[in-house]
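Colleague: Below is the structure I would like to discuss, written out as structure tokens.
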Amino acid sequence: MVENMDKVKDIIARENRIPVWSLPTAFLGIIGLGYFFTFYDISDIGLAMPAIDEQFNLHGSIILFIALSVGLIGYAIGSYIIGSLADIFGRYRSMILTMALTAIGSLGDALSFNVPELTIFRFITGIGLGADLNLVSIYITEFAPSAVRGKITVFTFLIGIFGQAVTPFIGYFLVPAFTTGWRWLFGIGAIIAFIAVFLRMELPESPRWLATRGNNISKAEKVLEMMEANASKKVGKLPEPHPESVVVEEPKFPTLYLFKKPYSTRMALLIAVWFFWYIGNYAFLGDAASLLEGIGFTVAAAILYIAIGAIIGYPAGALIMMYTSDKYERKHVIFAATLVWLIGMISMATKVIDFLYFGSFLAALGLGMYLQVAYTFTAENYPTRARSSGFGITDGIGHGGGALGAILLPILVATYSWAFGFVFIGITGFIAGLLVLIGGTRVSRRNLEDISE
């Protein structure tokens, strides 16, 4: 047992000393394609909703909002259950499963002919997406070196964020123009997801997981040898490993780690952060087009306002984070992102045409700045043995805020005004950033094991 523990520490120490991304560069694209689908789907449902509402003769009924919120319930369930399975059975197998579920769910969305069918397939899509968002963030975090972890994760996210940037334009050309346009919108997502399933089969398992949880030292060494060889080609001789400084916790069911300090305190804070963030995030992504339509804009015009802001704002936000998330402490840049988000929502509440464009841009900029840095920050706060489980609980319960926001926003708008709706979206996101700023852990440029102390 002692000998095996020494090997585990040696593997972790060898991985910690690698200063650069040591997998093939193409793997970043493969991982980014998963993000692309995730953000494509997050955006497409809000764009499709006005057409679904009309064709299913729902006339703005809250039934549609409930049907779509079921997908967020699926997020929560999938993120925790499949996330826990990933801590037990590995990241690789779980990532294949999650993308397959999203592909099947999105295809079912496209073929649905009534609300019950749409509800079922949105639930399946949600299970896959919630788990996949969890696992992709965990996977990149465990492979990326501590000194450039923020930059690497945001680079991959930048590939994916184009899904959120281009989706409004795809929706603009499909949804208003064709009766089946919203179906094609979902169908395109299904095609992307099926492609991602096959590409992911090229990815290796995480050496950290193989050593600490998979009990497969030989396979961990093979993956690590490949990583070391790639890194040596880029930087020459690698630094010496220091296994004596590595602390490995005893085997235990993953979730049990989360109920002792410091993880229990971190989990409580992060659940609150994501709950508040998702209230506004999903309310905006799901309902912004409908809000604008409700105050007199056509569906095409509403989608266009969102699209123009998205195509510039999302990539710009991610690029800003590529060059700041490792340079500055992550909780500070997360707070800055939520401040941008708040200003964007207040701008959209004015109904002035120029401010609508500006607000749409700032909203997308804030999202592009916030999401991946916050996902990375969440993953860094948990130990390897329970990282996926911790992320799953945090993000899963947090998505309850998304479900609440999707249902609550139409009620608030009907009771008060559409302007109040946008301000509400901005304030809830800002509260999330404030919580991180006040209670967040220092994580930038630290080894994953060191953050667990």
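The values are calculated or read from the model by the stated rules, or taken from the named source; none is laboratory data. Remember, predicted model here, so these are calculated numbers, not experimental data. So basically every Cβ, Gly included, is an ideal-geometry build from the backbone, and we count neighbours across all protein chains shown. Heads up: the accessible areas ignore ligands, DNA and RNA and are worked out on the full protein's heavy atoms, side chains in. Shrake-Rupley method; radii C 1.70, N 1.55, O 1.52, S 1.80 Å.
Colleague: Please report, largest first and rounded to whole Å, the three semi-axes of the ellipsoid equivalent to the range 128-274, where each semi-axis is the square root of five times an eigenvalue of the C-alpha gyration tensor.
Modeller: Ellipsoid semi-axes (Å, largest first): 37, 22, 16.
Colleague: Let me ask something else about it. Hey, what does the equivalent ellipsoid look like for the chain, semi-axes from the Cα gyration tensor as sqrt of 5 times each eigenvalue, largest first, whole Å? Before the final figure, lay out each step's value.
Modeller: Values: eigenvalues 285, 97, 76 Å².
Here the semi-axes work out to 38, 22, 19 Å.
Colleague: Can I ask one more? Mean Kyte-Doolittle hydropathy of 0.5 or higher plus an axial Cα length of 15 Å or more: which whole DSSP H helices in the chain meet both?
Modeller: Working: long enough: 2-16 (21 Å, -0.81); 25-55 (45 Å, 0.87); 62-89 (39 Å, 2.01); 91-111 (30 Å, 0.75); 115-143 (41 Å, 1.06); 149-174 (38 Å, 1.20); 181-200 (29 Å, 1.58); 217-235 (26 Å, -0.28); 263-294 (44 Å, 0.85); 299-322 (34 Å, 2.07); 330-348 (27 Å, 1.33); 353-380 (41 Å, 1.08); 387-415 (41 Å, 0.92); 418-439 (33 Å, 2.23).
Long hydrophobic helices here: 25-55, 62-89, 91-111, 115-143, 149-174, 181-200, 263-294, 299-322, 330-348, 353-380, 387-415, 418-439.
Colleague: Using a 7 Å offset from the Cα along the Cα-to-Cβ direction at both Thr25 and Arg445, what is the distance between the two label points in nm, to one decimal?
Modeller: 2.6
Colleague: Let me ask something else. Set the Förster radius R0 to 56 Å, insert the Cβ-Cβ distance between Ile217 and Leu434 as r into 1/(1 + (r/R0)^6), and round the FRET efficiency to 0.05.
Modeller: 0.80
Colleague: Once amide H atoms are built 1.01 Å from N in the peptide plane, which residues 5 or more positions from Ser206, or in another chain, come under 5 Å H to H?
Modeller: For Ser206, the qualifying residues are Arg91, Tyr92.
Colleague: Now for a different question. Starting from the Cα of Lys7, draw a straight line to each of the lysines and keep only those under 18 Å, dropping any in the same chain fewer than 8 residues away.
Modeller: Lys219, Lys222
Colleague: Hey, with R₀ at 25 Å, roughly what FRET efficiency would Asn4 and Met226 work out to, going by the Cβ-Cβ distance, to 0.05?
Modeller: That gives a FRET efficiency of 0.70.
Colleague: Suppose each label sits 7 Å from its Cα in the direction of the beta carbon; what would the Leu238-Phe178 distance come out to in nanometres?
Modeller: Going from the Leu238 label point to the Phe178 one covers 4.9 nm.
Colleague: Could I ask something else about it? Let me check I have the definition right: for the range 299-453, take the eigenvalues of the Cα gyration tensor, multiply each by 5, take square roots. What are those semi-axes in whole Å, largest first?
Modeller: Square roots of five times the eigenvalues give 30, 18, 13 Å.
Colleague: Given a 1.4 angstrom probe, I'd like the percentage of the accessible area of the range 79-188 that is carbon and sulfur, rounded to a whole number. Walk me through the intermediate numbers first.
Modeller: Numbers: 2790 of 3450 Å².
Here carbon and sulfur together make up 81 percent of the probe-accessible area.
Colleague: Here is a follow-up. How much accessible area per residue does the chain have, in Å², with a 1.4 Å probe?
Modeller: Averaged over the residues of the chain, the accessible area is 36 Å².
Colleague: Let me ask you something else. So, in Å, what gap is there between the alpha-carbon centers of the range 171-249 and the range 110-164?
Modeller: 12
Colleague: If I model a spin label as a point 7 Å beyond the Cα along the Cα-Cβ vector, how far apart are those points for Glu202 and Ile407 in nm?
Modeller: 4.4
Colleague: While we're here: What does the highest-first list of 266-276, 13-23, 215-225 look like by mean Cβ count within 10 Å?
Modeller: Top of the packing list down: 266-276, 13-23, 215-225.
Colleague: Near the amide H of Tyr382, under 5 Å away, which other amide H atoms are found, from residues 5 or more places off or on another chain, if H is placed in the peptide plane?
Modeller: Under 5 Å from the amide H of Tyr382: no residue qualifies.
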